[in-house]
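Below is one structure, written out as structure tokens, with a few remarks after it.
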Amino acid sequence: MSTDAAHSDSTHPVRTGSDREPDHDPFTPVARTAADVLAIMPHTLGQWPRRSVVLLTCTDTEPGPCLRVDLPTEAVLADELALLEWIAELCDLLERVPAGELVYLALFTDGSPLSTLQHDQVVDAVGEAAALSGYGMAGCWEVGQEQWSDLSEAQPRIARDMQEIRSSAVWAALVVTGSSVDASAAEVRPARAEPGRSELRVEDCRALVREFEQRWSLRPGAAGPQAAHCLHRDVAVPVAESLEAWQRLLSASSSRSAAERVASSDAGAQAQLLVCLTDPLGSDALAVSVLSGEHDRCLRAWCQLQAMAHGAGHGADLGWMLEVLKGEWEGTPDWERVQQCEGVLELLLDLLHGADEEGRRSAPGADAEAWLWVATAHLERFRARGTRATQWLELAADAVPGHLGVARLHALATRYPLPRWAGDPQRSWHRRR
């Protein structure tokens with residue numbers, strides 16, 4: 001189940017109750033109609049969904065997290081046990097939302113092969129999940145490619161023009177505040193970098209690849225007596241040194257972004273950043289370090305992982321790191337740090353693509369690209385944007401079919417689809433408009 005969760009931007013709230021309350025801010029848009037409620041969904045998610053079940057949770061006065069999952073397949077709907085499992089997964093997602101009383105449901109059916117009867121079956125399944133999770137159903141609609149309708153109406157239902165949503169008062173208010181909506185979840189793809197993008201020189205790009213190839217041949221995890229391990233902080237380990245380089249980069253106080261500083265550094269420094277990313281456990285440690293800001297604890301956890309390979313027991317720091325990776329952490333994510341890291345990942349991808357001028361890519365270069373996409377997917381999963389994370393994993397698999405990092409993160413996302421902090425508006429990621 002590909003899952004997304006998002007909150008309305010706290011600086012541009014929307015209300016779902018009456019606007020006649022004495023303390024109501026007249027400049028806060030109020031959802032009065034079905035079209036208004038439907039307008040909130042794509043603006044909160046930042047994309048126009050396709051083949052999706054979208055649930056907008058809310059209280060009597062304001063919306064809560066907006067959840068998006070893929071429409072169940074025909075096979076799931078035809079299998080009673082599979083459908084019960086789908087309902088249980090939806091219950092788990094709804095129960096991660098800390099506060100909410102009602103839920104609005106929209107089936108975005110553009111591109112769906114399901115019939116009208118199957119859409120009604122989905123509505124019944126969602127209604128069961130909502131009831132089991134303590135939610136009342138406030139409204140349900142089907143949104144197609146050009147028209148939408150109220151699923152609570154008796155057949156034949158009135159077909160309404162899509163323009164009602166895009167010209168609604170709430171849609172207009174959100175656009176005025178700077179909100180935008182991508183065309184669709186299926187069409188969100190990054191532009192492949194070209195030589196010269198961000199004023200990068202091809203020779204600099206190739207210098208990075210040469211430097212990384214040299215390190216890759218001696219990378220941690222290679223079989224034999226040179227295989228890396230870390231039992232003490234003073235042992236010189238390439239992955240640990242790479243994690244330290246990321247820490248210095250993301251913690252430095254500068255008027256320039258982390259990506260700008262990496263762009264002006266030499267190939268050796270850039271390759272140093274790639275080392276931990278191309279180690280499966282180092283990639284996990286970096287993701288947790290970036291999100292939590294607790295670098296020293298992550299490094300200890302990584303060392304404990306290495307020690308376990310040599311017969312040591314499970315350490316407390318390692319247990320904590322696994323909790324963060326599963327999305328069970330109770331701390332507050334450092335979203336500014338995540339954004340800085342993402343900018344560096346994009347730059348490193350630009351450099352790798354810039355070196356690949358003629359479409360030929362070395363095995364080390366392809367491996368580095370795949371791990372960069374996996375790292376980006378880690379960050380998107382932390383943001384509760386499962387659709388984006390899935391797309392980045394597809395790009396990683398394109399670079400290296402059967403890539404280890406893709407399988408590992410996909411398994412993690414399948415078992416733990418939504419981080420617990422995604423249900424908390426104070427800790428969750430908010431899309432910048």
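Where residues in segment 156-188 are over 21 Å from Val53 (Cα atoms) and open to solvent by 80 Å² or more (accessible area, probe 1.4 Å), which of them is modelled with the highest pLDDT?
Pro156
Can you confirm whether segment 375-386 contains a residue that is free of Cβ contacts under 8 Å to residues at least 40 places away in the same chain and hydrophobic (A, V, I, L, M, F, W, C)?
The answer is yes; a qualifying residue exists.
Inspect segment 3-20 for any residue being under 30 Å from Ala88 (Cβ atoms), at pLDDT 65 or above and among the hydroxyl-bearing types (Ser, Thr, Tyr) and give the result as yes or no.
yes
Here is a yes/no grid of residues against (1) part of a helix (DSSP H, G or I); (2) open to solvent by 20 Å² or more (accessible area, probe 1.4 Å):
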site: Arg261; (1), (2): yes, yes
site: Ser265; (1), (2): no, yes
site: Gln270; (1), (2): yes, no
site: Glu323; (1), (2): yes, yes
site: Gln340; (1), (2): yes, yes
site: Asp350; (1), (2): yes, no
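For the condition assigned to a helix (DSSP H, G or I) and modelled with pLDDT under 90, what is the one hit in Val239, Val288?
Going through Val239, Val288 in turn, the sole match is Val239.
With respect to Leu249, is the statement that it is assigned to a helix (DSSP H, G or I), touching a Phe, Trp or Tyr at 6+ places or on another chain (Cβ under 8 Å) and under 14 Å from Glu342 (Cα atoms) true?
Answer is no for this residue.
The values are calculated or read from the model by the stated rules, or taken from the named source; none is laboratory data. It should be emphasised that the depicted structure is a prediction, and the values quoted were computed from it without experimental measurement. We place every Cβ from the backbone using ideal geometry, glycine too, and count neighbours over all the protein chains shown. Remember, those area values only see protein heavy atoms, side chains included, never the ligands or the DNA or RNA. Shrake-Rupley method; radii C 1.70, N 1.55, O 1.52, S 1.80 Å.
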